[in-house]
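Only one structure is covered here, and it is reproduced in the block below.
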Number of protein chains: 2
Amino acid sequence: MAVETERKFLVNGERWRCDATAAALKQGYISDDSKVAVRVRIAGERAFLTVKGAKSGISRLEYEYAIPLADAEELLAQLCQRPIIEKTRYTLDYRGLEWVVDEFAGDNAGLVVAEVELDREDQVFERPDWAGEEVTDDPRYLNTNLAKHPYRTWASR
Amino acid sequence: MAVETERKFLVNGERWRCDATAAALKQGYISDDSKVAVRVRIAGERAFLTVKGAKSGISRLEYEYAIPLADAEELLAQLCQRPIIEKTRYTLDYRGLEWVVDEFAGDNAGLVVAEVELDREDQVFERPDWAGEEVTDDPRYLNTNLAKHPYRTWASR
């Protein structure tokens, strides 16, 4: 079993950029209901099919499998819901933990979100000063919801 | 791209059994809407995650990936819709083509269906005499529908 435990924050400023490694991500959802989401993701030349269970607290079941890039391109083009999410994922180390910062493009341009994956829900960690408001429990920031209700369409942001 | 082209028949009698190889299958659906189904299948000690597009004629897109058996057992137990389909799959050669005969158990006990996979929709093939009524276009026999409306619940059968 793989359990994913993440906390998510809006990002302030640009100071996180200097130490980060960037990768272009493109992803879409084959399905996403209240119980489970099935995601196709292309990260550079690699591709993945991921099954994610519903959140329980800040954790959720996650199963990820590498698949051929050509399959992922067909799945995104033919079987995934629209729009496809495009973002640049920056990865950086902060005080011993790996953070990812997602800078969205397309219909979600303007949105920059930071995530840190934890070993357990009550884990104590140092929060960088560029990590602003916590949005772990705000469903609008789920990628499944950003596909259906992109950031650019939000009335107040 | 993988395109699956199948024709499906109800099975008469028992003559097909003598030449067949049997394997126990257990499968469930993570999602199945009108456009796409995501299936988890355990076949003996092997397990697969499969994405199937909607049918177009008698063909459909299909992408299948081997996954760890332990993952498949968790996915069936935790993230698949109920009931799980259980069946014995018999594989046999008939005049140069591979046929599979699925004998269902559990809520679909009593149902025996034969399928042959073709290279193209108009392919000519020899039909064994134990292959009865063709049900290729009858949606009740889709495994996704047999999960929701099992054979035992059908009013007229």
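Bear in mind these aren't lab numbers, they're just calculated from the coordinates by the rules spelled out. Since the model is a prediction, treat every value here as computed from it, not as a measurement. Positions of Cβ are generated from backbone atoms using ideal geometry, with glycine treated the same way; all protein chains shown enter the neighbour counts.
General remarks:
- Environment charge at residue B:5 (Cβ cut-off 12 Å; Lys +1, Arg +1, Asp -1, Glu -1): -3
- Cα centroid separation - region B:116-134 against region A:4-75, whole Å: 42
- A straight Cα-to-Cα reach below 26 Å connects residue A:52 with the lysines A:8, A:26, A:35, A:87, A:148, B:26, B:35, B:52, B:55, B:148, residues fewer than 8 places away in its own chain not being considered.
- Estimated from helical segments only, the mean residue ellipticity of chain B at 222 nm is -2500 deg cm²/dmol, where each DSSP H run of four or more residues counts as -39500 (n - 2.57).
- Between copies, the label points of residue A:54, set 7 Å from Cα on the Cα→Cβ line, lie 2.7 nm apart, reported in increasing order to one decimal in nanometres.
- The length gained on full extension between residue A:153 and residue A:24, counted as 0.36 nm times the residue separation minus their Cα-Cα distance, comes to 44.1 nm.
- Placing dummy labels 7 Å off each Cα toward the beta-carbon, the span from residue B:55 to residue A:43 is 3.8 nm.
- Given +1 at the Cβ of Lys and Arg, -1 at the Cβ of Asp and Glu and no other charges, the dipole of the protein assembly as shown around its Cα centre is 740 debye to the nearest 20.
- Compactness of the protein assembly as shown - radius of gyration and Dmax, Cα, Å: 23.1, 74
- Selection from B:132, B:31, B:116, by position along the positive dipole direction of region B:3-153 (Cβ): B:31
- Think of the axis that spins chain A onto B; the A residue whose C-beta lies nearest it, and the distance in whole Å, is A:31, 2.
- Anisotropy class of chain A from Cα gyration tensor, a/c 1.5 cut: rounded
- Spacing of the modelled spin labels on residue A:17 and residue A:97, each 7 Å from Cα toward Cβ, amounts to 2.5 nm.
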